[in-house]
Structures are given as structure tokens and as C-alpha cells.
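The values are calculated or read from the model by the stated rules, or taken from the named source; none is laboratory data. Bear in mind that the values here come from a model prediction, so they are computed numbers and not experimental data. Methodologically, a virtual Cβ is constructed for each residue, glycine included, from the backbone with ideal geometry; neighbour enumeration extends over all protein chains shown.
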Amino acid sequence: MTILNIAVESVALYKVTRCRDKILHGCSFRKTSERTIADCLAKCLMNCTCRSFQMCGDDKTCSLCLSYNSSMVIENVKGSCGYFALERNQEQNGAMVQKSCFRNTNCCLTSGPCLHNGRCKPSYSSDILHSPRFTCVCAPGYRGNRCEQPIKSCHGYIGGTADHAPASGKYTIIDDMDKPFLVFCDFNWTFDGAIMSWTLIQSYQLKNKDEFQLKSFYIDHPKNEETPQWESYRLSIFKMKSIQKDSSKWRMTCRYETDGLNYTDYMEGLKTKVDILSFRENGCKEVEFINVRGYNCTHCEAMLKQNKNRSFHHDSLHSFEDCPFKPLNSIKCDGRREDNFGLYKCINPIHRCSMDEESTSQTWLGS
């Protein structure tokens with residue numbers, strides 16, 4: 001092992017530790033041919049993501065590394081190879097650090113580490129091994145240290161250690177063709193203290209029911225999908241499936257835009273129990289929770305229906321007759337049974353989704 005000093009104005013500010021006949025396995029993300037160790041170091045300093053480097057062979061191959069020896073395996077090799085780790089010379093004072101080569105190198109200008117049109121901001125860290133030399137301000141729809149992760153649903157806007165829910169509203173997400181589009185997100189706390197995220201895939205007023213009542217979710221029927229709204233809105237099946245890959249649940253709400261989240265006239269289920277985007281049945285199916293006109297049950301079966309001529313909905317009277325969930329006071333309309341959360345060929349004005357022509361019904365995918 002050899003220690004080399006990097007001098008600035010005749011003062012060694014950084015130490016380069018060379019491990020002869022060793023390489024950092026799998027670290028290389030860029031290779032060039034350089035004449036000297038100093039040239040290879042310069043390439044590392046100019047690249048924001050470089051944490052260490054190594055040189056090998058008679059052709060002086062310079063390999064820039066994303067990691068350093070505390071996080072990856074060092075291998076022994078024979079030949080003219082060397083792995084180089086950088087660290088700050090702790091004996092130097094802060095005034096000298098201000099003059100160092102790290103301080104003067106804006107790696108954002110020389111390497112462009114941020115992906116997907118993210119904006120790079122240099123941080124001029126004096127500790128290249130343990131502190132980032134840049135931060136990325138991501139474009140809408142992306143996240144990650146380098147904006148490398150596309151946000152596929154509203155769930156992507158919840159941080160891994162978030163202690164507060166984001167504000168509900170319109171957000172940009174990315175579909176499976178890497179195209180950004182706008183959606184409405186609802187964030188709320190669960191009873192066990194977790195944050196749930198919900199992505200709106202459909203909403204319409206009762207007066208617009210004819211546009212939706214014969215369109216099951218497995219039929220492509222986009223409505224105003226570029227401009228999320230409450231009156232008449234539905235995403236394409238392609239975008240709904242893209243969102244569903246990042247979702248584990250679905251729910252139905254009423255009058256969300258005026259009443260907020262209200263658990264009277266509300267239904268929620270697991271994708272693993274009922275996949276609303278492919279469901280083609282009429283039967284008693286398990287839901288996590290359902291409330292119809294104040295009657296509710298948890299982890300029970302209710303009558304759910306959807307086929308090519310009927311949109312997804314709950315049949316209240318049929319559920320009372322044949323399923324464990326038995327909402328009282330369900331009505332009939334000329335031989336038809338009461339519809340909740342969709343279809344609305346038989347309307348009960350006591351149900352919040354169908355109180356009047358301005359009442360709205362929403363469908364969400366969430367996790």
C-alpha cells in the first residue's frame with residue numbers, strides 16, 4: 001500500500017491511497033487511457049459520481065468507480081494494477097480546503113450526473129468518499145439521487161421515511177412508455193399510522209352516467225385523460241394498467257371533490273381478491289371494507305358485478321339477498337336492483353354517489 005499526497009499551493013490537502021495488484025470488483029462505470037495517476041485522478045474529480053479509481057495494464061487503463069472499498073469487494077490480481085482511494089488530509093485547515101481542487105471543480109459542468117432532465121447542483125464536498133459532490137433537482141415524475149427512478153403512481157411521492165403525508169392534488173407520473181402525464185393524487189393516513197396513496201383513474205357526475213355505465217374497466221374508454229377533473233374523466237386502459245402495477249388496492253368514493261374522504265358510501269378492496277381491470281363476474285366477492293347508506297362490514301363478501309355491457313358496481317339488493325354483506329332498505333326500480341358506485345340504472349337518492357345530478361363517483365388505485 002502506498003500513500004500519495006495531492007498538493008495545493010505546496011500543502012497536501014488529500015491523500016491518495018494506492019493498493020498495488022488489487023482491483024475493486026465491478027466498480028467501473030467509465031474507462032479511458034491515461035498517461036499518469038494524476039491524469040486519472042483529474043478524470044475522477046471531473047465526474048460527480050466518481051468515488052475512487054483504478055489503473056491497470058501497460059495501456060494505463062483508467063477506470064472510474066462509483067464505490068469505494070468499504071462497500072465493495074477488493075480482489076487480488078497479478079500485474080500492473082492499482083486501486084486508488086481518496087480521503088481528506090485531516091491535518092489541513094478549512095481555509096486551505098477552500099483553495100483545493102475539489103472546491104474549484106464544478107462536476108455538474110463536466111459530467112452531467114442527473115438523468116431525465118434533472119438539474120444538477122454542485123455541493124463541493126471535501127469528503128469525496130462519504131459525502132455527495134452534487135444534488136439533483138428532478139423533473140416532475142422522477143425521483144432518486146440521480147433522478148433515475150420514474151414515478152409510476154402517486155405512491156412514488158411518498159418518501160421511504162416520510163413522517164407527514166404530501167398534499168393531495170395534481171402530480172406528474174410516468175407511464176410504461178416513459179411518457180409523463182398528470183393525475184390527481186389523494187394521500188391519507190391509515191388507522192395503523194401508515195400513509196396511503198391513491199391515484200384517480202375515473203370520476204364522473206351522475207348526469208354523465210350514460211357515458212360510463214356500459215363501459216367496463218377492461219374496455220378502453222378514455223375521457224379527458226390529459227386534464228383530471230371530477231365531472232367526466234377516465235384514463236386509458238394502458239395508463240390504468242401502468243398505475244396498477246404499482247398498486248395493491250382499489251377503492252370507490254362519492255363526492256370527493258366536495259366532501260373529501262368520507263367513509264359513508266365507500267368501498268375498498270385488494271387487487272389480489274378482485275382485479276377491477278379484468279374482473280368479468282357477477283358474484284359475492286371479498287372486500288376490505290364497504291359502506292352503503294350507513295350499513296357496513298369489514299373483510300366480508302359483497303355483490304360485485306362487471307361485464308362487457310355493465311360497468312363495475314355493487315348491487316345492493318342482490319347483496320342483501322345472497323351475500324354476507326346485507327345493506328337494509330335497498331330499492332327496486334321497474335324490476336332492477338339498486339346500483340351503487342356505478343352503472344346507476346336503478347338510483348337510490350339516499351346513496352351519496354347518486355343524491356343528485358351533480359353527485360360524483362370516483363375510482364382509485366392505491367397502495
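Pick from the range 227-261 the residues that are part of a loop (DSSP other than H, G, I, E, B) and charged (D, E, K, R): which of them is surrounded by the fewest Cβ atoms within 10 Å (Cβ to Cβ)?
Residue satisfying both the conditions and the ranking: 245.
For the range 196-220, a residue qualifies if it is surrounded by fewer than 17 Cβ atoms within 10 Å (Cβ to Cβ) and closer than 30 Å to residue 139 by Cβ, and exactly one does: 220. Say we look at the range 209-220 and pick out the residues that are touching a helix residue (DSSP H, G or I) at 6+ places or on another chain (Cβ under 8 Å) and not aliphatic (A, V, I, L, M); which of these is farthest from residue 307 (Cα to Cα)? For the range 209-220, the residue satisfying everything is 220.
Just one of the listed residues (109, 182, 115) is more than 23 Å from residue 227 (Cα to Cα) and touching an Asp or Glu at 6+ places or on another chain (Cβ under 8 Å), namely 115. Candidates 280, 352: the one that is closer than 19 Å to residue 217 by Cβ and touching a residue at least 12 places away in the same chain (Cβ under 8 Å) is 280. When 303, 267 are screened for being in contact with a Ser or Thr (Cβ under 6 Å, 6 or more places away or on another chain), outside any loop (DSSP other than H, G, I, E, B) and in the same structural domain as residue 221 (by the TED database), only 303 passes.
Would you confirm whether or not the range 45-67 contains a residue that is at pLDDT 70 or above, β-branched (Val, Ile, Thr), outside any helix (DSSP H, G or I) and touching a Pro at 6+ places or on another chain (Cβ under 7 Å)? Yes - at least one qualifying residue is present in the range 45-67. Yes or no: the range 218-226 includes at least one residue that is within 23 Å of residue 261 (Cα to Cα) and among the hydrophobic types (A, V, I, L, M, F, W, C). No, the range 218-226 has no match at all.
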